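First up is the structure itself, then whatever we jot down about it.
The values are calculated or read from the model by the stated rules, or taken from the named source; none is laboratory data. As the structure is a prediction and not an experimental result, all values here were calculated from the model. Positions of Cβ are generated from backbone atoms using ideal geometry, with glycine treated the same way; all protein chains shown enter the neighbour counts.
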């Protein structure tokens, strides 16, 4: 139901456009009275009243009761029906995978963390992500028609508009979003992991209410996200924020992007991991020495 409404992105139907604006407003502000909603959307009270009445009948909107007031007639609060649609988020990391599902109000309903995974640019690694998502959906016991979107966050160069990933899972000519959608039978979008993080902070985190923000993500890699004039900046080609691949050092260290001297070769979790292994190999004393000599992989959580 809701998916059909939101698909009408190019529709000239005035009523549909008003409903989409109401849904967008409530997604960000939870609840509101009719007068406040009309004022924020710059619409007349009768127009908003009629739209909300229809949306209550259709199941999109719920009546949350009267607001206590010392003057006049108590106004009624309205908000989204949280169980009419769900979003699934997937974080693809170097050595793990996280999957969560939230309802339309933003409440996290189910979460699977630290699923064993090894990111590499191969069909097998891509297929494994797909299998994890399919298994997660199956175990959630949700109607697939209620899944509004599966958003997959991937490190590296990602163009969210075209749906292509240029760093990982780029074995086919078709957009990665279309490949996942065909496999999962639900709408899928992708974005760079750092841009997804700053968008989350903008919606409900430390960047909320700020118009211009620079966000640095120091993990296994090094990335940046930008909010400019209240909007997440993607760049002309969708590759904004690749801070770690600025050429800074004359160190002859080959980066995983194929270039030498990238900032990420000295400033990142991967750089720290390499330095530790090199130090252990050169005989420096460490509490990790026993693991290193036994041949165990030295992977740790990068926070």
Among (1) modelled with pLDDT of 85 or more; (2) surrounded by fewer than 16 Cβ atoms within 10 Å (Cβ to Cβ) - the single one residue 301 does not satisfy: (1)
Lone qualifier among 205, 225 - being under 14 Å from the mean Cα position of the chain (by Cα) and over 18 Å from residue 154 (Cα atoms): 205
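Please pick out the residue among 141, 118, 135 that is touching a helix residue (DSSP H, G or I) at 6+ places or on another chain (Cβ under 9 Å) and surrounded by fewer than 15 Cβ atoms within 10 Å (Cβ to Cβ). Working first, answer last.
Details: 141 fails: touching a helix residue (DSSP H, G or I) at 6+ places or on another chain (Cβ under 9 Å); 135 fails: touching a helix residue (DSSP H, G or I) at 6+ places or on another chain (Cβ under 9 Å).
Of 141, 118, 135, the one residue that is touching a helix residue (DSSP H, G or I) at 6+ places or on another chain (Cβ under 9 Å) and surrounded by fewer than 15 Cβ atoms within 10 Å (Cβ to Cβ) is 118.
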Every residue from the range 94-103 that is modelled with pLDDT of 90 or more and surrounded by 17 or more Cβ atoms within 10 Å (Cβ to Cβ): 97, 98, 99, 101
Tally, over the range 27-86, of residues that are at pLDDT below 85, part of a strand (DSSP E or B) and under 22 Å from residue 13 (Cβ atoms): 0
Pairs, first under 16 Å from residue 222 (Cβ atoms) in the range 259-287, second exposed (fewer than 11 other Cβ atoms within 10 Å of the Cβ) and at pLDDT 85 or above, C-beta under 8 Å, six or more apart: 261/250
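Residue under question is residue 23, and the condition is that it be buried (at least 17 other Cβ atoms within 10 Å of the Cβ), touching a helix residue (DSSP H, G or I) at 6+ places or on another chain (Cβ under 8 Å) and in a helix (DSSP H, G or I); does it hold? I'd like the intermediate steps shown before the answer.
On the way: buried (at least 17 other Cβ atoms within 10 Å of the Cβ): yes; touching a helix residue (DSSP H, G or I) at 6+ places or on another chain (Cβ under 8 Å): yes; in a helix (DSSP H, G or I): yes.
Yes, satisfied.
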Residue within the range 274-295 that is surrounded by 16 or more Cβ atoms within 10 Å (Cβ to Cβ) and at pLDDT 85 or above present: yes
Single unsatisfied condition, residue 106 versus (1) surrounded by fewer than 17 Cβ atoms within 10 Å (Cβ to Cβ); (2) farther than 15 Å from residue 148 by Cα; (3) in contact with a helix residue (DSSP H, G or I) (Cβ under 7 Å, 6 or more places away or on another chain): (2)
